[in-house]
Structures are given as C-alpha cells and as structure tokens.
1. Write out, first by first residue and then by second, each pair whose Cβ atoms fall under 7 Å of each other, whose residues are 6+ apart or on separate chains, and whose first residue, in segment 95-117, is surrounded by fewer than 12 Cβ atoms within 10 Å (Cβ to Cβ) while the second is outside any loop (DSSP other than H, G, I, E, B).
2. Quick check on segment 8-16. Is at least one of its residues surrounded by fewer than 20 Cβ atoms within 10 Å (Cβ to Cβ) and in a helix (DSSP H, G or I)?
3. List the number of the failed condition for Ile159; all other conditions in (1) under 21 Å from Lys2 (Cα atoms); (2) touching a Cys at 6+ places or on another chain (Cβ under 9 Å) hold.
4. Taking into account only those residues within segment 147-204 that are in a loop (DSSP other than H, G, I, E, B) and among the polar types (S, T, N, Q), which is surrounded by the fewest Cβ atoms within 10 Å (Cβ to Cβ)?
5. Go through segment 68-87 and count every residue that is surrounded by fewer than 19 Cβ atoms within 10 Å (Cβ to Cβ) and either touching a helix residue (DSSP H, G or I) at 6+ places or on another chain (Cβ under 9 Å) or of a type in the set (Gly, Ala, Ser) (or both).
6. Go through (1) under 20 Å from the mean Cα position of the chain (by Cα); (2) in contact (Cβ under 8 Å) with a residue 40 or more places away in the chain one by one and return the number of the condition Met91 breaks.
7. Can you tell me which residue among Asn22, Asn53 is surrounded by fewer than 17 Cβ atoms within 10 Å (Cβ to Cβ) and polar (S, T, N, Q)?
8. For segment 40-50, enumerate the residues that are in contact (Cβ under 8 Å) with a residue 60 or more places away in the chain, closer than 13 Å to Leu103 by Cβ and surrounded by fewer than 22 Cβ atoms within 10 Å (Cβ to Cβ).
Amino acid sequence: MKKLKLHFDNELQGSFKLKKLNILLVFQVNCPGCFSYALPFFNKLYHEFHTENLSFIALSTAFEDFDKNTLENTQNLIKRGTFIGETKKFMKEQGYNKLPYNLNFPIAMDKINDTNTVDLNDAVNAICAINPNYTIWPEFEKKALQHKVKNYLNSLDKIALTFTLNQLRGTPSFVLFNSDYEIINEWFGHVPYEEIQQKIIQFL
C-alpha cells in the first residue's frame, strides 16, 4: 500500500497527533478554490469528527507562485485572516476583505527546500516507488524513469517535499491515511462531502 510522506517544519496552529485514522488537506494560500471550498469543507469535517479517533492536519504548500505561497503569508492568514494574490482578488469579489470563517484544525507548513539542498536520490526513489509496478520492472526501465524524474526535479528551483514526494495533482488535495501512514484514499479538487464522510465512517 502506498505510504504518505509527510514533511513539515512549522506547526502554525494546534498540534498534529497521529491516530488510528488521519486526514490531511493540502492547500495553497494563493488558491481561490481552497478558500471558497476546501477550507470550509475541512472545517465541516473537523466539527463532525474531531472527537472521534481521527486526527486532522491542513498543510500549506507551494508548487507554484513560491513568492506568494509562503510561511509568512500562511501565518498572516491564521493570525489576521488576510489574503494574498488571486485569493485576495476572488474573496474581494465575494465581498470579503478578511477570512469570513474560523480555521479550527491544526495547520502546518510544508517543508520547502531549494533543490540544491535536497537529496535528489532519495526524492527520485520516493517518487518512482509510487508506481505500484516499479519493483517488478526490468532494470533498464527503472533507470529510464529515475532519469526522467531526476531531470524533472532538477528543473525546479524549490521543492515542497510533501506535495512533490507524494506527486499530488494540485490543490486542494485530501489524503486519508492510517497510523502507519498507509494511504487509504486520496482526492483532488471538488469532492462531494458525503464521499469523504462515508470513507471516514468506514475506517473509524
């Protein structure tokens, strides 16, 4: 079973404690959809399930706009409810200059490194291992994929470790995982509330 590689340096609000079942929201502060949909959605899940054996963590990340999707802007969001970039434009169009709801769950910042400070071999191996058939491929196919992934990583100036090593498709992303960090289910984009709700109930 695929395992979640969860990396963060800074817990900005609350504290994540690994439980039998855990749910992760990965968002960007410069992501209007994260604010119109994913963060209120995560609040709703938190209010329904935080008293159960389910742990919550929202991770602010960056796979683009590294000048906007920053630790500082995430801290300003949490402390002051302020927006940045496209999110600011979108929320202003909706009539909001500040965040109109509370963020009640633990929040941390994805570990973001310059590519020259990351062990690319470890990163390459982690990304390649996501392919369920990778271990049974012939050696020449493995090397071809390793080369392709290394070139991709070398093309980046910065790497958000959780986002990149798990090869998430974008933001918002939701990941449900167990106490061994095994991924039970993952979702990208707009998901019906009942779909994640029922998956949680199934595994609690």
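Where a number appears in this text, it was derived from the coordinates with a stated rule and is not lab data. Nothing here was measured: the structure is a model prediction, and the numbers come from that model. Counting neighbours? That spans all protein chains shown, and the Cβs are built from the backbone with ideal geometry, glycine included.
1. Tyr101/Pro40; Tyr101/Asn43; Asp114/Lys158
2. No, the conditions are met nowhere in segment 8-16.
3. Of (1) under 21 Å from Lys2 (Cα atoms); (2) touching a Cys at 6+ places or on another chain (Cβ under 9 Å), only one is false for Ile159: (2).
4. Checking each candidate, the answer is Ser155.
5. Looking only at that region, the number is 5.
6. Failing condition for Met91: (1).
7. Asn53
8. Pro40, Phe41, Asn43, Lys44, Leu45
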